[in-house]
Structures are given as C-alpha cells and as structure tokens.
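Trainee: Dropping the structure in here first, questions after.
The values are calculated or read from the model by the stated rules, or taken from the named source; none is laboratory data. A quick note: this is a predicted structure, and the numbers were derived from the prediction, not measured. Positions of Cβ are backbone-derived with ideal geometry, glycine not excepted, and every protein chain shown enters the neighbour counts.
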Amino acid sequence: MGLKENIQVVKQEISTEEQFLEGMIKGERFFKKNKNYIFSALALIVLGAGGYSINSIMIDQKLKASNEAYAIFLKDANNLAALETLKDKNPKLYMMFLFEEALKKGDVEALKKVALSQEDAIVSDLATYQLSQMDGNTTAQGALLSGMVFLHEGYALLKENKVDEARLKFAQIDVNSPLKQIAKNLEHYQGLK
C-alpha cells in the first residue's frame, strides 16, 4: 500500500506542476497575443496621470496668481496691472469684484456689464436683480432670482391693498422655490400683522 500511495502523491505533484506550467503557457500566449493592447493601455494610463498632474499644477498656479493679484489690488486700488491679471486668470473673481464695486458706488453701467456677463450665472443674476431694484423696473428678472422679484412685487401690491394683483404675482413663483411658502403666508395674511 505504501507504494501505491507514493505513486498517487507523485501523480498529484506532476499534475500540479503540469497545471502550473499550463497556466504559465496560457499567460504567456495571452501576453504575446495582446501585448500591444496592454502596452497601449499602460501608456494611456501614464499619459492620463501626467496630463492630470500638469493640469492640476496649472490650475493651482493660476489660482495663486489671481489671489496674489487680488490681494495687491485690494491694497492699491490704482494698480491696473493687478486688475488685468485678475481679469485674465480668474474672470469669475473679477466679475465678483466689479459687482461689489458697482454696488458700493451705485454704478449702473458696471452693473449692466456684470449682468450681461456669462462668467458666473449667480453674480449676473444678482446684478440683474440689483438693476431692477435701482431702476424700479421689475420686469428685468434673472433666472435664479425671479421668485424674489415676484415676492417683492407682490408684497408691494399687498401694501397698496391690491390683494388680487398680489396673488397673481405670488402665483408666478415656482412651486419648488423656498420663497413659495413665504408667498403663501403673505397671501393668507394679506400682508397684515
């Protein structure tokens, strides 16, 4: 019996080695057959990682330069070079700065420039709203703050006891707007305390 068991053990070892060699041969065949694809995939991964790194570095440098320009401009408002750098490196921050300055000075032309800007939709919408409030012309509405304009108009109508007209303004506020509940409350109480 010892001899049979030894033969079985040897057969199992040979079988295991055959399977290992067979797996190696299959792996080698697969690699030879697909080595161009494998190398291409590796090259794309390396190039993608390199491109991502370079892009991140460029964005960081741009951000750093715009922040430095903004800090310089805040210290010295007459530094036009810093303002140009800010305009080139970070147009959104530049528009925000123009908006802030236009509000401080009441500059309608600068507000119009910011309102027409495509750089930042929120700042543009805020500028449009501010223009409509300055002019008393509430027909100029931004996409984001239109509910606020309708709420403001409706409240002004409630103050004048024009309840039906105020309800029409409140009805124009989007159903999903957080201002809708305020409009419902004003409509219910008709602006009275």
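Trainee: May I ask you to list the residues in segment 1-23 that are surrounded by fewer than 10 Cβ atoms within 10 Å (Cβ to Cβ) and part of a helix (DSSP H, G or I)?
Mentor: Gly2, Leu3, Lys4, Glu5
Trainee: Checking the conditions here, which among Lys64, Lys26 is assigned to a helix (DSSP H, G or I), among the basic types (Lys, Arg) and within 30 Å of Met95 (Cα to Cα)?
Mentor: Exactly one residue qualifies, and that residue is Lys64.
Trainee: Still on this structure: Only one of these is modelled with pLDDT under 95, under 40 Å from the mean Cα position of the chain (by Cα) and not aliphatic (A, V, I, L, M): Phe20, Phe39, Phe30. Name it.
Mentor: Phe39
Trainee: Additional query: Find the residue count for segment 147-193, including only residues that are in a helix (DSSP H, G or I) and either surrounded by fewer than 16 Cβ atoms within 10 Å (Cβ to Cβ) or not aromatic (Phe, Trp, Tyr) (or both).
Mentor: 30
Trainee: Would you mind finding the one in Ala82, Ala110, Ala102 that is out of contact with any strand residue (DSSP E or B) (no Cβ under 8 Å at 6 or more places or on another chain) and farther than 30 Å from Ser146 by Cβ?
Mentor: Ala82
Trainee: Read through the list (1) loosely packed, with under 15 Cβ neighbours inside 10 Å; (2) assigned to a helix (DSSP H, G or I), then give the number of the only condition that Asn78 fails.
Mentor: Asn78 satisfies all of (1) loosely packed, with under 15 Cβ neighbours inside 10 Å; (2) assigned to a helix (DSSP H, G or I) except (2).
Trainee: Inside segment 81-107, can you point out the residues that are surrounded by 14 or more Cβ atoms within 10 Å (Cβ to Cβ) and of a type in the set (A, V, I, L, M, F, W, C)?
Mentor: Ala82, Leu83, Leu86, Leu93, Met95, Met96, Phe97, Leu98, Phe99, Ala102, Leu103
Trainee: Report yes if Lys104 is under 25 Å from Asp125 (Cα atoms) and either without any contact (Cβ under 8 Å) to a residue 40 or more places away in the chain or not polar (S, T, N, Q) (or both), otherwise no.
Mentor: Answer is yes for this residue.
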